[in-house]
Amino acid sequence: MNTIFLDRDGVINQNPPNWGYVRTWEEFDFIPNAQKAIRDLTENGYRVIVVTNQAGIGRGLFSEENLTDIHSRMVAEITDTGGSIDSIYYCPHHPDAGCKCRKPKPGMLTRAAAEHRIELSRAYLIGDSTTDIEAGQRAGVSTILVLTGHGKKSYQHYTQATLFQQSGTDAIGSRRRRTADEGLALSSRYRPEKIFTNLYAATCWLIKNDT
Ligand SMILES: [Mg+2]
Ligand SMILES: [Zn+2]
């Protein structure tokens, strides 16, 4: 059984505006066809595992109980449409806490692999942020960027990195050169293998092409 790791916000559900957090079920809004995508993965024998940073807990914006409630309702809706979520890993820590689980660190993926005996080299991670792609690659899974959520911004990041690699300079100009170089160097080390418009498009490709 092959495994698909899914980021949550920006992949399964819409990101609240201004890099906000989903604090209650009322703020949870499925991305069109996301449930259908998970159903298709389930029907094609994939194990689906969610890996999500939820620093809003560490920031005191919502509680672990709020998150558990959101996740049980999310799973119930996905189950109703014929999909299945095997397990959900989340990082509740503040970004400054220095934990091992917050993406771009690969901690949630390596823990899931140990607990579910996942062959990481065959697994995929689907995410909308550069931090998802980095975490996936550090764990040794194949990575797919989707253009929902923060995906368009992430895509721009990789495009700039490509321009930089090709020309030896960046499009931003010399004044911001150093910061841009650092960011671009990082994003060119970790790049998604595939890019799709949304989760449904990514899963259609996977089901057809993953052997
Ligand atoms: Mg995301
Ligand atoms: Zn953590």
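The values are calculated or read from the model by the stated rules, or taken from the named source; none is laboratory data. Just so we're clear, the structure is a prediction, and the values are computed from it rather than from any experiment. Positions of Cβ are backbone-derived with ideal geometry, glycine not excepted, and every protein chain shown enters the neighbour counts.
Overview of results
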read-out: Cβ pairs under 6 Å, 6+ apart, first in the range 82-109 and at positive phi, second not acidic (D, E); value: G82/R39
read-out: Selection from the range 18-34 of residues that are under 23 Å from E65 (Cα atoms) and away from ligand 2 (no atom under 16 Å from the Cβ); value: W19, G20, V22, R23, T24, W25, E26, E27, F28, D29, F30
read-out: The one condition in (1) within 16 Å of ligand 2 (Cβ to nearest atom); (2) touching a helix residue (DSSP H, G or I) at 6+ places or on another chain (Cβ under 9 Å); (3) not in a loop (DSSP other than H, G, I, E, B) that I133 fails to fulfil; value: (1)
read-out: Pair list, Cβ under 6 Å, 6 or more apart: the range 122-135 residue closer than 10 Å to I4 by Cβ and of a type outside the set (G, A, S), other residue away from ligand 2 (no atom under 16 Å from the Cβ) and part of a helix (DSSP H, G or I); value: L125/G136; I126/A202
read-out: Failed criterion for A37 (all others in (1) among the aliphatic types (A, V, I, L, M); (2) within 16 Å of ligand 2 (Cβ to nearest atom); (3) in contact with a Ser or Thr (Cβ under 8 Å, 6 or more places away or on another chain); (4) touching a residue at least 60 places away in the same chain (Cβ under 8 Å) hold); value: (2)
read-out: Failed criterion for E64 (all others in (1) under 22 Å from N209 (Cα atoms); (2) touching a Pro at 6+ places or on another chain (Cβ under 8 Å) hold); value: (1)
read-out: A161 vs. criteria surrounded by 20 or more Cβ atoms within 10 Å (Cβ to Cβ), away from ligand 1 (no atom under 14 Å from the Cβ), more than 19 Å from F30 (Cβ to Cβ) and at pLDDT below 95; value: yes
read-out: Top-ranked residue of the range 93-108 - restricted to ones that are buried (at least 20 other Cβ atoms within 10 Å of the Cβ) and part of a loop (DSSP other than H, G, I, E, B), ranked as farthest from ligand 2 (Cβ to nearest atom); value: P106
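A quick yes/no check of all residues on (1) farther than 15 Å from T203 by Cα; (2) crowded, with 23+ Cβ neighbours inside 10 Å:
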| site | (1), (2) |
| --- | --- |
| L6 | no, yes |
| D29 | yes, no |
| A37 | no, yes |
| T42 | no, no |
| N53 | yes, yes |
